[in-house]
Amino acid sequence: MKILQADANYTFHSYFELSYDTDEILAEFDYQLVKKRLQLPRTSRELSGLSELQEQLENVLPYVPLTSETARREILVAPVLSRVAMICQQILRIEYPVRVNNLLQGSLDYLIRAAHSLIVVEAKRDDLTRGFTQLAVEAIALSMLDDTPDTIYGAVTIGNVWIFGILDVKIRTIFQDIGAYTLPDNLEDLIRILVGILE
């Protein structure tokens with residue numbers, strides 16, 4: 001059964017709103033979904049500014065209600081990704097427009113691209129499951145652009161919880177981590193992984 005109508009227009013956000021399961025939507029693009037514990041890259045280098053960032057997050061969280069996606073992005077997601085961009089000396093793109101065709105188009109919340117790797121991050125107010133579907137479709141779109149690596153890393157986050165995914169172009173598979181990282185408790189782990197991906 002076909003889910004997508006070939007002549008219709010879909011944005012990345014449209015996939016968040018579809019009530020189908022992630023594997024059913026990915027099958028429309030000839031991709032399969034595998035859930036397992038992912039072995040993610042981790043940097044072992046000295047990371048500057050981590051204790052300050054940890055302190056900043058712990059000090060601000062009691063005073064900001066995380067009731068909107070904007071609050072989660074500004075208080076939790078942007079500070080983490082800004083720090084990663086500074087450590088890796090790479091550009092952090094926000095609301096980055098991508099258009100492959102009428103099925104694959106829209107804006108990526110966050111994109112950091114290094115010489116041989118990239119990471120796309122989708123931020124949501126809630127619903128990590130549907131958020132992962134949207135993230136996976138964004139990764140598929142990126143895989144169709146020129147100069148994109150065969151392995152694309154992504155994360156979906158509601159700010160205080162992050163779940164990683166990996167797209168492998170060669171075997172047309174998206175792997176979803178069965179584990180998650182939380183803020184502020186797993187801040188160092190999370191940053192070591194994000195920097196490790198971009199190194």
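No lab work stands behind these numbers, since they all come straight from the coordinates. As the structure is a computational prediction, the values presented were derived from the model and not from experiment. When we count neighbours, we look across all protein chains shown, and the Cβ atoms used for this are built from the backbone with ideal geometry, even at glycine.
To the nearest 20 debye, what is the magnitude of the charge dipole of the range 34-125 about its Cα centre, counting +1 on the Cβ of each Lys and Arg and -1 on the Cβ of each Asp and Glu?
Numbers: 13 positive and 9 negative charges, 116 e Å.
With only Lys, Arg, Asp and Glu charged at Cβ, the dipole is about 560 debye.
What is the helix-to-structure angle for 50-60, meaning the angle in degrees between its Cα long axis and the longest Cα principal axis of the chain, kept from 0 to 90 and rounded to the nearest 10?
Value to nearest ten degrees: 80.
Relative to the longest principal axis of the chain, what angle (0 to 90°, nearest 10) does the C-alpha long axis of helix 128-143 take?
70 degrees
Skipping prolines and chain starts, which residues have an amide H placed within reach, meaning under 5 Å, of the one on L108, given they are 5 or more residues away or on another chain?
Y96, V98
If you take the square roots of the eigenvalues of the alpha-carbon gyration tensor of the range 20-87 and sort them as a ≥ b ≥ c, do you get rounded (a/c under 1.5), prolate (a/b over b/c) or oblate? Mind showing how you got there, number by number?
Values: a/c = 3.08, a/b = 1.54, b/c = 2.00.
Because a/c hits 1.5 or more and a/b fails to exceed b/c, the range 20-87 counts as oblate.
Quote the charge dipole size of the range 95-184 about the Cα centre in Debye, to the nearest 20; the model charges only the Cβ of Lys and Arg (+1) and of Asp and Glu (-1).
On the way: 7 positive and 11 negative charges, 21 e Å.
Roughly 100 debye, rounded to the nearest 20.
In a Gaussian network model over the chain where Cα atoms closer than 10 Å are linked, find which of F132, F16, F29 has the largest mean-square fluctuation.
Sorting by GNM fluctuation, first place goes to F29.
Expressed as a whole number of Å, what is the distance separating the alpha-carbon centroids of the range 6-71 and the range 145-183?
First find each Cα centre; the distance between them is then 8 Å.
Relative to the longest principal axis of the chain, what angle (0 to 90°, nearest 10) does the C-alpha long axis of helix 187-198 take?
For helix 187-198, the angle is close to 50 degrees.
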